[in-house]
Amino acid sequence: MKISATQPCIVGVGTSAEFGFDLGKSPMRLQAEAFQAALADAGLQRSDVDGFATAQGSPLGVDYEEFTATAGLDCRYIDQAWAHGRWATGLIAHASLAVMAGLADVVAIANTFTTWRGYGRHLSGLGGHTTVEGLRDVGGGHGEWTMHGTDTPGAATSLVAQKYMERYDVAEDDLARIAIGYRSNAVLNPMAVLGHKPLNEQSYRAEPVIAGPLRRCDYSLNSEGSTCLIVTSAERAKDLAKHPVHVAGAQSIRSSRDDYVMFSRPGLGTGFAEEYAFHAEPQPVYAMAGITRGDVDALYVYDSFASNLWMVLERFGFCGEGEAPAWVAKAGLTIGSQLPVNTNGGLMSEGHFGGYAHLIEMVRQLRGEAGARQVDSAAVLQWVTPWGDSLVLTR
Amino acid sequence: MTALRKVGQYRGPDIVVHPESEPFWKGLGEGQLRLQRCAHCSTVRFPVAPLCWSCGALEHDWTAIATEGTVSAAVTIHRATGNPSWASEVPFVTAQVDMGDGLRLPGRVIGDRLIAPPHGYPVRAAYLEAPGGYGVLCFVPEERA
């Protein structure tokens, strides 16, 4: 195979008309809305799309072949990952590589989330994946051991948060600051599912405790909606409507015994990973993008749980071991801070769309289209997750 | 090795046992904490696996390990948001327990009072009786020198 010097760009973004808890629309309907919105945003037609990628399959999402058949697409490149919110980097990176290798010209990356309590209550007869990972011999990759009481990612992450807070003597105020900060950003986002419900220190403490130190508002939302991003080459982008956003750098999720508790970080000693003093390694995504960490204008974090922020800040070297809560207290999270985080409100306040809605927000920020949420002169934005993967998008 | 104390009946999601993992679950049902020990490098491993994560060898035997551990982290689960079988059990405490030599095991902590012990708190492995002659690992707090 040969990789050309083609630069991959995101040229179109779109979402379903709404994000919400129970939209009354099928996954296919939501995905159709997002797909059409992204095409319109890019100034492209369905016939231009020759590649398709998704991670969230049916029944709560849409499998690739159901969509290409229903939407009347004709694709020569397909990528379907596992129905987990850890593939955002992967789908964009793979689509970028496909474009660079000539496997595709225009790739639509769509992901739709519905819930069992929402439209999913009509779909239970259709089968699909409901893996109970905690029943595996190794337990679940988020740290679940179903028979031992950690049967959800939240329960497993509560152990990580507890470990971290005891080890580094972290107060509840530090944890609260994260949910409060993201919600403050969400209030400026008309799509955010909880944008109408500001959160402060009093209302935070009124939230029910679910597991360990984590309250309900420290968890991501269980929400419905769809997203679509369109990737193509810089050459193709020249003919299109919007200023292209460059996929400047990428690095994949890590996987090892040390990484088998996803919402932790190496060295913390959770799950069956070793405990040791942690020093962040240089992360290749910066050099690939031709930047340093200091060039990042805003950070986008996979916030399945509030404590994820501490893990990524340390893993990517924004601060040292155990220093993340103090860093957050000093630097802030909100738009206007030194390094805004999750200007869309994140999974915790905008809604859980697997990270793809964060990526859409990044594109809008880089185009100068973020309105009240606009980060001044946003030129370099980074997406990170506790799994160690990252994308750098630039103007 | 010390026999495990039975602290009650297991109530929770059905255990999934298959031939290769059965010695672990059966051992617990007999009051023994038996894990796999690599025949080549002697690493005792968890979770149950057909090969050694340290040296890759397939050959192993099953050995009963010491039952003393210390809490690595413990939390109280207040709401059962996953499997509905936990709804009748909340609130309960679940933990990760350091057993020495880098081994860390999961389990509920079952004691007189519902408190999630802090890091370093001494606990001892125990078991809950489950159907089929199997057991589920758990821990009890204990005073130790």
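Only the coordinates and a few stated rules stand behind these numbers; no lab work does. Keep in mind that what you see is a predicted model, and the values were worked out from it rather than measured. All Cβ positions, even for glycine, are placed from backbone atoms using ideal geometry, and neighbour counts span all protein chains on display.
Tell me the relative contact order for chain A as a rounded percent, counting alpha carbon contacts under 8 Å between residues six or more apart.
Averaging sequence separation for qualifying contacts and normalising by length gives 22 percent for chain A.
Please sort by residue number the trypsin sites (Lys or Arg not before Pro) in the stretch B:57-132 whose DSSP state is loop and whose Cβ has at most 13 other Cβ atoms within 10 Å.
When the trypsin sites (Lys or Arg not before Pro) of the stretch B:57-132 are filtered for loop state and at most 13 Cβ neighbours within 10 Å, B:Arg113 remain.
About its Cα centre, how strong a charge dipole does the protein assembly as shown have in debye, to the nearest 20, once Lys and Arg get +1 and Asp and Glu get -1 at the Cβ?
Using only the charged Cβ atoms, the result is roughly 440 debye.
Any chance you could give the angle, 0 to 90 degrees and rounded to 10, that helix A:88-101 forms with the longest Cα principal axis of chain A?
Helix A:88-101 sits roughly 30 degrees off the main axis of chain A.
Wrap a convex hull around the Cα atoms of the stretch A:75-125, take a quarter of its surface area, and give that in square nanometres.
4.5 nm²
Over the stretch A:40-101, one equal point on each Cα, no solvent: what is log10 I(q)/I(0) by the Debye formula at q = 0.16, 0.30 Å⁻¹?
Relative scattering, expressed as log10 I(q)/I(0), comes to -0.55, -1.26.
To the nearest whole percent, what portion of all C-alpha pairs in the stretch A:302-341 is separated by more than 13 angstrom?
Percentage above 13 Å: 50.
Give, in nm to one decimal, the length gained when the segment between A:Ala372 and A:His122 is fully stretched (0.36 nm per residue of separation minus the Cα-Cα distance).
Difference between extended and current length: 86.2 nm.
Within 10 Å of each Cβ in peptide A:163-170, how many partner chain Cβ atoms are there on average? Round it to a whole number, please.
Mean shielding count: 2.
Write down the Kirkwood hydrodynamic radius of the stretch B:47-105, to one decimal in angstroms, obtained as one divided by the mean of 1/r over all alpha carbon pairs.
By the Kirkwood definition, the hydrodynamic radius is 14.3 Å.
Can you tell me the Rg and Dmax of the stretch A:213-295, counting just the alpha carbons, in angstroms?
Spelled out, the Cα radius of gyration and Dmax of the stretch A:213-295 are 18.8, 52 Å.
Express as a percent, rounded to the nearest 5, the fraction of DSSP beta bridges in the protein assembly as shown (both residues included) that run antiparallel.
Given both bridge residues lie in the protein assembly as shown, the antiparallel proportion sits at roughly 75 percent.
Would you compute the Debye intensity of the stretch A:254-305 from its alpha-carbon atoms alone, equal scatterers and no solvent, and pass along log10 I(q)/I(0) at q = 0.23, 0.24 Å⁻¹ to two decimals?
-1.00, -1.02
Would you list which lysines come within 21 Å of A:Lys238, measuring only between C-alpha atoms, while excluding same-chain residues fewer than 8 positions from it?
Excluding near neighbours in sequence, the set is empty.
In the stretch A:56-124, which chymotrypsin sites (Phe, Trp or Tyr not before Pro) are in a loop and have at most 14 other Cβ atoms within 10 Å, using DSSP for the loop call?
The qualifying sites are A:Trp82, A:Trp116.
Which entries of A:Lys163/A:Lys330; A:Lys242/A:Lys330; A:Lys163/B:Lys6 show an alpha-carbon separation above 30 angstrom in the structure shown?
Table pairs above 30 Å Cα-Cα are A:Lys242/A:Lys330.
Around B:Ala39, what is the net charge, scoring Lys/Arg as +1 and Asp/Glu as -1 over all other residues with Cβ under 10 Å from its Cβ?
-1
Let's see if you can work this out: charge +1 on each Lys and Arg Cβ, -1 on each Asp and Glu Cβ, no other charges. What is the dipole magnitude of the stretch A:248-395 about its Cα centre, in debye to the nearest 20?
For this selection, approximately 320 debye.
Can you tell which of B:Leu35, B:Ala80, B:Val97 lies farthest toward the positive end of the dipole of the stretch B:1-101, using +1 and -1 charges on the Cβ of basic and acidic side chains (Lys, Arg; Asp, Glu)?
B:Ala80
Would you mind giving the average projected area, over all directions, of the Cα convex hull of chain B in nm² with one decimal?
9.0 nm²
Can you work out the PRE-style zone for A:His84? Point 7 Å along Cα to Cβ, and I want the residues of the stretch A:256-296 with backbone N under 20 Å.
A:256-274
Just add up the charged neighbours of B:Glu89: K/R +1, D/E -1, any other residue whose Cβ is under 14 Å from the Cβ of B:Glu89.
So the surrounding residues net to +2.
Express the Stokes-Einstein translational diffusion coefficient of the stretch A:150-228 in µm² s⁻¹, to the nearest whole number, given a Kirkwood radius over alpha-carbon pairs, 20 °C and a viscosity of 1.002 mPa s.
156 µm²/s
Once the Cα gyration tensor of the stretch A:71-220 is diagonalised, what are the square roots of 5 times its eigenvalues, in whole Å and ordered largest first, as equivalent ellipsoid semi-axes?
33, 22, 18
How big is the protein assembly as shown along each principal axis, measuring the range of its Cα positions in Å and listing the largest first?
75, 47, 45
Can you give the helix-only mean residue ellipticity at 222 nm for chain A, where every DSSP H stretch with n ≥ 4 adds -39500 (n - 2.57) and the sum goes over all residues, rounded to the nearest 500 deg cm²/dmol?
Helix-only estimate at 222 nm: -8500 deg cm²/dmol.
Can you find, among A:Val301, B:Ala3, A:Phe19, the residue farthest towards the positive end of the dipole of the protein assembly as shown? Put +1 on the C-beta of Lys and Arg, -1 on that of Asp and Glu.
A:Phe19
Quick check for me: using +1 on Lys/Arg Cβ and -1 on Asp/Glu Cβ, what's the dipole size of chain B about its Cα centre, in debye to the nearest 20?
260 debye
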